[in-house]
Amino acid sequence: MSVINLEAIQQEPGSGPASMVFDFYSISLKRNSNVKFKYGQQEYDFDEGVMFFIAPGQVFGVEAEKGATLKRSGWILFIHPDFLWNTPLAKTIKQYEYFSYTVHEALFLSDKEEAMITNIFQSIQQEYHSNIDKFSQDIIIAQAELLLTYSERFYNRQFITRKIANHNILNQLEDILANYFKDDNIAGKGLPTVQYIAEALHVSPGYLSGLLKVLTGQSTQQHIHNKLIEKAKEKLSTTDLSVSEIAYELGFEHPQSFSKLFKVKTNLSPLEFRQSFS
C-alpha cells in the first residue's frame, strides 16, 4: 500500500491523454486540478474538492493539455488486494458500491468533511512512515476502513442534500418504467433490467441503487418489480386474459416465475387476486 500527498509530486508539463488499468484499490481526494480525469470513457467533474474511488481492473485516464504545467493537490491511498488478505476488510471492501460509480458521481465534500478526510490520510501517512511492527498493518487497515465508512456516510448525505437533482432522477425513473410497461412489445423486449434503467438515466447501476435506497428504502430492482405488479393487477382486474397470457405480455418466459413474484409481493396468487374482484 502507499499514501501520496499530491503536492509533494514534482510538477511536470502535460503530455496529452494517458490511460491505465490499476491492479489495486485507489481512494483519492483531488483539489485544484487542471487535469481531466476519466473513468472508462467518461469524465469526472472536478470543479470542487472531490473524492473518487477505483477498484482493481477498472480503466482510469488522465488528460492534460500538452506543455501545460500540471496543478494538483490532495491525497491518494493505494491498497493492493494482497495487503488486505485474511482480514475482514478483504470481504467488506467489495460491498462499498461507490467503487463502481461513474460520471458526475464523484463525492463532493464540505470544508468540514474534507478536513476530516484529510486528517485520516495524514494519519495513514504517519503510520506508513513509522517503524514497521506487528501492529502496523492492522492500524493502517483500521484507518482505511474508517475512511471508507466516512465516505459512505457522506455519499448518503449527498443523496439527501442534492434534493432537486436526485428527485428529478426519481421522477424520470417512474416515467421510464411507466412508458416501458405501456409498450405492447414487452414480450419481445423482456423485463427491463437495472442496467437498462441506469443507462436511460445516465448514471451507473450502483449509484442509482444507492440513491433509491436512501430516498425510498428500495433498490432499483424493487422499483421495477413494483411497477410490474401494478401493471399485472391492472390486467388481472380489467381483462379476461389468462395468467399465462398476462405473464407473457409482461415479459416473462415462464408463467411460474410471474406467479411466484406476484405471490411474494401481494400474498395472493394471480388467480386469488382476480377472484377478489368477482
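Here, each number is a calculation from the coordinates, and none is a lab measurement. Computed from a predicted model, the values in this text were never measured in an experiment. Because the Cβ atoms are built from the backbone with ideal geometry, glycine has one as well, and the counts that use them run over all protein chains shown.
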Calculated diffusion of segment 140-278, Stokes-Einstein form, Kirkwood radius summed over Cα pairs, 37 °C and 0.692 mPa s, µm²/s: 195 µm²/s
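Based on the alpha-carbon gyration tensor of segment 72-176 and its eigenvalue square roots a ≥ b ≥ c, which shape applies: rounded if a/c is under 1.5, prolate if not and a/b is larger than b/c, or oblate?
Prolate, since a/c reaches 1.5 and a/b exceeds b/c.
Tell me the chymotrypsin sites (Phe, Trp or Tyr not before Pro) within segment 72-170 that lie in a loop according to DSSP and have at most 15 other beta-carbon atoms within 10 Å. Present the calculation step by step, with values, prior to reporting the outcome.
On the way: sites: TRP75, PHE78, PHE83, TRP85, TYR96, TYR98, PHE99, TYR101, PHE108, PHE121, TYR128, PHE135, TYR150, PHE154, TYR155, PHE159; in loops: TRP85, TYR96, TYR101, PHE135.
Hits after loop and neighbour filter: TRP85, PHE135.
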Among the listed pairs LYS189/LYS265; LYS189/LYS263; LYS91/LYS134; LYS189/LYS213; LYS112/LYS227; LYS213/LYS265, those beyond 30 Å (Cα-Cα): LYS112/LYS227
Which of GLN195, ASN131, ILE169, positive extreme of dipole for segment 117-212 (C-beta unit charges): ILE169
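For segment 151-210, what percent of Cα pairs sit more than 17 Å apart?
On the way: 802 of 1770 pairs.
More than 17 Å apart: 45 percent of the Cα pairs in segment 151-210.
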